[in-house]
Amino acid sequence: MTESLWQATRLVTEAVGAHADSWDRRGRLPDAVVRDLSRRGLLAAQIPAEYGGLGLSSRDNGEFTAHVGSLCSSLRSLMTSQGMAAWTLQRLAGAGQQAAFLPKLAGGKLAGVAFSEPSAGSDLSAIRTEIRTDGDAVVVQGEKVWVTGAAYADLLVVFGSYREGAGVVIVPTATPGVRIHRVADPLGCRAAGHADVRLDEVRLPADHLLSASGAPLAMLVTAALTYGRISVAWGCVGMLRACLAASIRHTSVRVQFGKPLAEHQLVARHLGELAAAAQVATLICEHASRCWDEARSDLVTAAVLAKHVAARNATQGAAAAVQLLASAGARDSHPVARAYRDAKLMEIIEGSTEICQLLLAEHALAGSR
Amino acid sequence: MTASDGQLATEAAATDPVAERLLRFLADRTKIEYTTDEDLFARGGISSLFAMELVLHLEQQFGVAVPGPELTMDNFRTVQAMAALVRRLQGGEPNSS
């Protein structure tokens, strides 16, 4: 473990403490905590040092993300958004835009990334948000839904149509015409600040339009989501590890029918499958991060694969953990109960399980024609 | 473009190592034999993920970084265009556009 990864792990463990259950019940993360983590560069730990970031590798940031995911999926979800906003800037912005915005994301500001709309979820080609230039300004008009972290955000990275392709624009939430409505009762990651966003003729300086704007939507979205998918996948690894640890603790001491639960074969099978699910998810995430760190072109597919496998393993693993802990884990914000709800959302965001299956099938077919 | 133009373009690729390597990568990944001036996106063999994979492939294979302003459709539409982009990013040729 590198020194910076060790430091990051220690800092976030202290910050979360034993609060994750109450943050989940309240549906809020304390503002001071998330601001402080942003200021230390911990919400987007792959931002390069030249922009004030920690410059972690994907592999180290993955292990860090898994650790946060094992403690609090709401905070991990916020990290995914902040990291995806930063990566979108690194991949799609010009040098001046990177210099202007990346230090903010490693320096105390919070960001969300806005893809989904009322009529455009899995089918992002149906997005209606319109980005247009008007003199020396760029104007954004549209409606976004379920933007993770938007309730806390200072900046939103907004995807919309632009000229013959798509555009990406950085929208400070304080700009006139931006209205944010928190999703009142999300199923999972309850404190991740999901919100719907109205953008009503929002006027911004032209330099807020990222340089790659005009490129095909699929290219821009895939660039951003590749980071998001790896981050979500590592978060699922964390959930699986937490579920496995809680299951081992409980089944080792809880005695029924004269022996610890873990010595009953039907229980042991659950433990074995949960351990396998955690290990498989870890290995597949390590593979995706290796592709990232070696800048390999098969990264794009590896990220879809990692997200798909880890999210499905997490829903199955969390369900098994709730089954094993039974009444001991059946309180609403108990770690395994949270994982049960949080994991299901991971099968929906950053490409649903079914979209991942379609992408993987498309990839398999292309390789065998 | 006529078939013989495409043939000529492909033969020309033999003298352009960048284009030649790109044609080989495309054939390997899509099982389609493209010509250097063929619109890759017109035939429908390119998936939504593959467009980004192409970007990463260029960067890794030719040691360049494709910055945001260069991520245009026109730079990736044909093998010729990608080879020209690689040369431009390697500093061999000024941007003609």
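The values are calculated or read from the model by the stated rules, or taken from the named source; none is laboratory data. Just so you know, these numbers come straight off a predicted model, no measurement behind them. All Cβ positions, even for glycine, are placed from backbone atoms using ideal geometry, and neighbour counts span all protein chains on display. To get the accessible areas, we keep the full protein, side chains included, count just its heavy atoms, and leave off ligands, DNA and RNA. Shrake-Rupley method; radii C 1.70, N 1.55, O 1.52, S 1.80 Å.
Some values worked out for this structure:
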quantity: At least 30 Å² of accessible area lost relative to the chain alone, listed for the range A:294-324 with a 1.4 Å probe; calculated: A:295, A:297, A:300
quantity: Quotient of Cα Rg and 2.2 N^0.38 Å for the protein assembly as shown, N being how many residues it contains; calculated: 1.02
quantity: Fraction of alpha-carbon pairs over 26 Å apart in the range A:133-261 - percent; calculated: 41 percent
quantity: Probe 1.4 Å, accessible area per residue of the range A:187-242, Å²; calculated: 23 Å²
quantity: Pairwise FRET efficiency - residue A:254 versus residue B:43, Cβ, R0 = 51 Å, nearest 0.05; calculated: 0.25
quantity: Full-stretch length increase - residue A:50, residue A:184 - with 0.36 nm per residue and alpha-carbon distance subtracted; calculated: 44.4 nm
quantity: With every protein chain in place, the range A:217-368: carbon and sulfur % of accessible area (1.4 Å); calculated: 60 percent
quantity: Cα shape, the range A:111-208, gyration tensor, a/c 1.5 rule; calculated: oblate
quantity: Anisotropy class of the range A:3-105 from Cα gyration tensor, a/c 1.5 cut; calculated: prolate
quantity: Rounded FRET efficiency, nearest 0.05, which uses the C-beta distance separating residue A:365 from residue B:65 and R0 of 41 Å; calculated: 0.85
quantity: Interface A:B - total buried accessible surface [probe 1.4 Å, Å², rounded to 100]; calculated: 2100 Å²
quantity: Inter-probe distance in nm under a simple model that places probes 7 Å from Cα toward Cβ, at residue A:136 and residue A:280; calculated: 5.8 nm
quantity: Residues losing 40 Å² or more accessible surface upon assembly, the range B:63-82, compared with the chain by itself, 1.4 Å; calculated: B:68, B:69, B:71, B:73
quantity: Full-stretch length increase - residue A:123, residue A:6 - with 0.36 nm per residue and alpha-carbon distance subtracted; calculated: 38.1 nm
quantity: The protein assembly as shown: Lys pairs at Cα distance under 24 angstrom, eight or more positions apart or on different chains; calculated: 5
quantity: Local electrostatic count at residue A:117 - Lys and Arg +1, Asp and Glu -1, tallied over other residues with Cβ under 14 Å; calculated: -1
quantity: Positive-end residue, the protein assembly as shown charge dipole about Cα centroid, Cβ charges, pick of A:176, B:58, A:81; calculated: A:81
